[in-house]
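Heads up: the structure comes next, in structure tokens.
Quick note: the coordinates plus some simple rules give every number you see, no bench work behind them. Keep in mind it's a predicted model, so treat the numbers as computed, not measured. Counting neighbours? That spans all protein chains shown, and the Cβs are built from the backbone with ideal geometry, glycine included.
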Amino acid sequence: MQTRFLLITPGRSGSTHLRETLNSIEGLLLKEELFNRTNEEPDSFHHYINKKWHRKIIGYVSNRESISTNPMNFTLSGLVQGFLNDFLNVNSVQDVLGFTVSLDQWYAYPQIHTHIKDWKLIYLTRKDLLRLSLSLMKARSDSNYEIPDGKTVALDPEMVKHHVDLFEEWERDFLEGVKPELILYYEELFDDYTGNIRKIADSLELGPVEFSVSNLQQVNPKDTSQWVSNFDEIKAYLSKTS
């Protein structure tokens, strides 16, 4: 029987590195963010909706960001179910199958929750939500999520606080609502990478596995002040407003 799972993450927590490593395991396929609204790949939800004219019309009405968050949006729920059924059928030969879902997608599409009740959930996050927020804001500002570029940015302290507060709220609500098979933290992931891959394999009932480690490099230096030019200002603002 096929094992199915979701890798859920707020982002900027090593999920791409982890996905590349897991995909080197024979019989395992972990796809990227299929419910990302900017994902135009043929196996994405966006492409599924636009592939057929009737789904495109239904999606135009039900897939708007302002109403997709409504769990009672049964029209969108039908599209999500059809998409997941197609995804499972196309990839039926895989022993272990999953895809990544960011926390914002988890809340943008509550319809997903209804159709993955027998799926395993793995949660990958950071303990340091400030650094997570800064990393995400920098990546969005220069559209660079994976390649070290040596650039520095100045970020709005108020917006940084907004992101930190939002991630704290999302993470708290997520962990109160579901019980993941496994919770991993970015800060610990690479301390014992082999051991953590084996934990994931065990949680997916894979047993002993062979894998190749992704060659992706850390995008930002460990010293946050090297890539956020006003880091001291941000810390002072957060201290004042906390």
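A few remarks follow.
- Close pairs (7 angstrom Cβ cut-off, 6 or more residues apart or separate chains): small (Gly, Ala, Ser) in the range 104-119, assigned to a helix (DSSP H, G or I) and surrounded by fewer than 17 Cβ atoms within 10 Å (Cβ to Cβ) anywhere: Ala108/Glu65
- Qualifying positions in the range 108-128 - crowded, with 18+ Cβ neighbours inside 10 Å and either assigned to a helix (DSSP H, G or I) or of a type in the set (Ser, Thr, Tyr) (or both): Ala108, Tyr109, Gln111, Ile112, Tyr123, Thr125
Matching residues to (1) over 21 Å from Tyr145 (Cα atoms); (2) surrounded by fewer than 12 Cβ atoms within 10 Å (Cβ to Cβ); (3) of a type in the set (S, T, N, Q):
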| residue | (1), (2), (3) |
| --- | --- |
| Glu187 | no, no, no |
| Asp223 | no, yes, no |
| Trp227 | no, no, no |
| Glu233 | yes, no, no |
| Leu238 | yes, no, no |
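- Residue match in the range 123-133 (condition: of a type in the set (Lys, Arg) and within 16 Å of the chain's Cα centre (by Cα)): yes
- Qualifying residue in the range 20-35 (condition: within 28 Å of Ser203 (Cα to Cα), among the acidic types (Asp, Glu) and touching a helix residue (DSSP H, G or I) at 6+ places or on another chain (Cβ under 8 Å)): yes
- Filter result (surrounded by fewer than 13 Cβ atoms within 10 Å (Cβ to Cβ) and not aromatic (Phe, Trp, Tyr)) within the range 42-55: Pro42, Lys51, Lys52, His54
- Among the residues of the range 129-148, those that are in contact with a helix residue (DSSP H, G or I) (Cβ under 7 Å, 6 or more places away or on another chain) and not in a helix (DSSP H, G or I) comprise Tyr145, Glu146.
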